[in-house]
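The values are calculated or read from the model by the stated rules, or taken from the named source; none is laboratory data. Here the structure is a predicted model, which means the values were calculated and not measured. Positions of Cβ are backbone-derived with ideal geometry, glycine not excepted, and every protein chain shown enters the neighbour counts. To get the accessible areas, we keep the full protein, side chains included, count just its heavy atoms, and leave off ligands, DNA and RNA. Shrake-Rupley method; radii C 1.70, N 1.55, O 1.52, S 1.80 Å.
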Amino acid sequence: MLFQLTASVLADAPVWRVTDGMSVIYLGGTVHLLRPEDFPLPEEFELAYEASSELVFETDISSINDLNIQAQMLQKLTYDIDRSLRDVVDTEAYKALDAYMAEVGMPLIMLERFKPGMIVSTLQMLEFQRMGFAPQGVDVVFNIRALADGKAIGALETIDEQIAFLALMGEGRESEFIIMSLEDLKRTSDSIDKMIDAWRTGDSEVLRTLLIDGMLERAPGLYDSLLRQRNLRWIPQIEFMFDDPETEFVLVGAAHLVGEDGILEYLRAKGYEISKL
């Protein structure tokens, strides 16, 4: 049976067991988009899933496809009628974005009313699709399974919180944010295999280098809001899970788990025992 496999015969993976000495929760680092060849997922995900009675995601994944939620998202990520991207970025950033859009065969006017967070997210999705990625990543896979299996499902953030975060992304430093994001997009194809390999093996150091260091150096404000502050808000919620009768499997983006401000480091500093599953 599955649980008769021991950790010693399993390859490393981005799944950790956290205990306070009495209760256990599992933490899994996810990738939100994956290619067909990235399946099956590392076996440790299955072990943690089977051992858990509740799955906790960053947000309510099931509601993302709700038409009302999508309409709300579009409204909050779009500038008012008297404002557009041209009004908030400098000439250099605007020309760089226009040139990139021309390369991917899409006129900038199609996205000009969107806020920078929405523009960058759209371009990231297009780039990943070009490389063969599908929108069914680890989170979606286990959300579907949990629903089918009747397991409890929780979330660390509301959809409204995630939309608000995306709407504020790069605000006040829109030009810098656009330029940095375009540079990252152009490097994506060169680093994606290394990133997926590091994710599959749970290589925290490589993940930190690829996902954390550049952002921390070039956009410390974005790093603080995207990772550090959210991690700090999630820690009390995760700690509360040790006191309830459920065994939770918490699935968050891999970048949230690694580095000095990662969830694993915060929990370790609080005295919890952490080990690879």
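If you scan region 108-127, which residues turn out to be open to solvent by 70 Å² or more (accessible area, probe 1.4 Å) and either in a helix (DSSP H, G or I) or not charged (D, E, K, R) (or both)?
Answer for region 108-127, where residues must be open to solvent by 70 Å² or more (accessible area, probe 1.4 Å) and either in a helix (DSSP H, G or I) or not charged (D, E, K, R) (or both): Ile109, Met110, Gln124, Met125.
Of Leu226, Leu210, which residue is open to solvent by 20 Å² or more (accessible area, probe 1.4 Å), in a helix (DSSP H, G or I) and within 18 Å of Leu166 (Cα to Cα)? Reasoning before the result, please.
On the way: Leu210 fails: within 18 Å of Leu166 (Cα to Cα).
When all the criteria are applied, what remains is Leu226.
In region 128-171, how many residues are open to solvent by 70 Å² or more (accessible area, probe 1.4 Å) and either assigned to a loop (DSSP other than H, G, I, E, B) or among the hydroxyl-bearing types (Ser, Thr, Tyr) (or both)?
4
Name every residue in region 119-163 that is more than 30 Å from Ala96 (Cβ to Cβ), of a type in the set (A, V, I, L, M, F, W, C) and touching a residue at least 12 places away in the same chain (Cβ under 8 Å), in order of residue number. Outline the logic, then answer.
Let us first name the residues in region 119-163 that are more than 30 Å from Ala96 (Cβ to Cβ), namely 136, 138-161.
Filter once more, keeping what is of a type in the set (A, V, I, L, M, F, W, C): 138, 140-142, 144, 146-148, 152-153, 155-156, 159.
Residues satisfying the conditions are Val138, Val140, Val141, Phe142, Ala146, Leu147, Ala152, Ile153, Ala155, Leu156, Ile159.
Restricting the first residue to region 262-277 and requiring it to be touching a residue at least 24 places away in the same chain (Cβ under 8 Å) and open to solvent by 60 Å² or more (accessible area, probe 1.4 Å), which pairs with a second residue that is hydroxyl-bearing (Ser, Thr, Tyr) and outside any loop (DSSP other than H, G, I, E, B) meet a Cβ separation below 8 Å and a spacing of at least six or different chains?
Going by the 8 Å Cβ cut-off, the qualifying pairs are Glu273/Thr19.
Scanning region 229-240 for residues that are crowded, with 19+ Cβ neighbours inside 10 Å and of a type outside the set (S, T, N, Q), which turns out nearest to Glu183 (Cα to Cα)? Steps first, answer last, please.
Of all residues in region 229-240, those crowded, with 19+ Cβ neighbours inside 10 Å come to 230-231, 234, 238.
Then drop every residue that is not of a type outside the set (S, T, N, Q), which leaves 230, 234, 238.
On the way: Arg230: 25, Trp234: 30, Ile238: 35 Å.
The residue in question is Arg230.
State all residues of region 48-93 that are crowded, with 18+ Cβ neighbours inside 10 Å and part of a helix (DSSP H, G or I); if no residue qualifies, say none.
Ala48, Tyr49, Ile61, Met73, Leu85, Ala93
Within region 243-254, identify whether any single residue is part of a helix (DSSP H, G or I), under 21 Å from the mean Cα position of the chain (by Cα) and at pLDDT 95 or above, and answer yes or no.
Yes, region 243-254 contains at least one residue that is part of a helix (DSSP H, G or I), under 21 Å from the mean Cα position of the chain (by Cα) and at pLDDT 95 or above.
Scan region 196-207 for residues that are surrounded by 18 or more Cβ atoms within 10 Å (Cβ to Cβ), assigned to a helix (DSSP H, G or I) and touching a residue at least 60 places away in the same chain (Cβ under 8 Å) and jot them down.
Trp199, Ser204, Leu207 - these are the residues of region 196-207 that are surrounded by 18 or more Cβ atoms within 10 Å (Cβ to Cβ), assigned to a helix (DSSP H, G or I) and touching a residue at least 60 places away in the same chain (Cβ under 8 Å).
Residue by residue through region 34-47, note down the ones that are surrounded by 22 or more Cβ atoms within 10 Å (Cβ to Cβ) and either under 14 Å from Ile192 (Cβ atoms) or in contact with a Phe, Trp or Tyr (Cβ under 6 Å, 6 or more places away or on another chain) (or both).
Result: Leu34, single match.
Checking Asp261 against (1) more than 28 Å from Ala167 (Cβ to Cβ); (2) among the acidic types (Asp, Glu); (3) within 18 Å of the chain's Cα centre (by Cα); (4) outside any helix (DSSP H, G or I), only one condition comes out false. Which one?
So Asp261 meets the others, but not (1).
Taking Asp98 as the residue in question, decide whether it is assigned to a helix (DSSP H, G or I) and farther than 21 Å from Pro135 by Cβ.
Criteria met by Asp98.
Based on what the data block shows, is Leu185 under 18 Å from His256 (Cα atoms) and either aromatic (Phe, Trp, Tyr) or part of a helix (DSSP H, G or I) (or both)?
In short, no.
Where the second residue is open to solvent by less than 40 Å² (accessible area, probe 1.4 Å) and among the hydroxyl-bearing types (Ser, Thr, Tyr) and the first is at positive phi and modelled with pLDDT of 95 or more and lies in region 82-109, which pairs have Cβ atoms under 9 Å and are six or more apart or on separate chains?
As it stands, the answer is none, since no pair meets every condition given.
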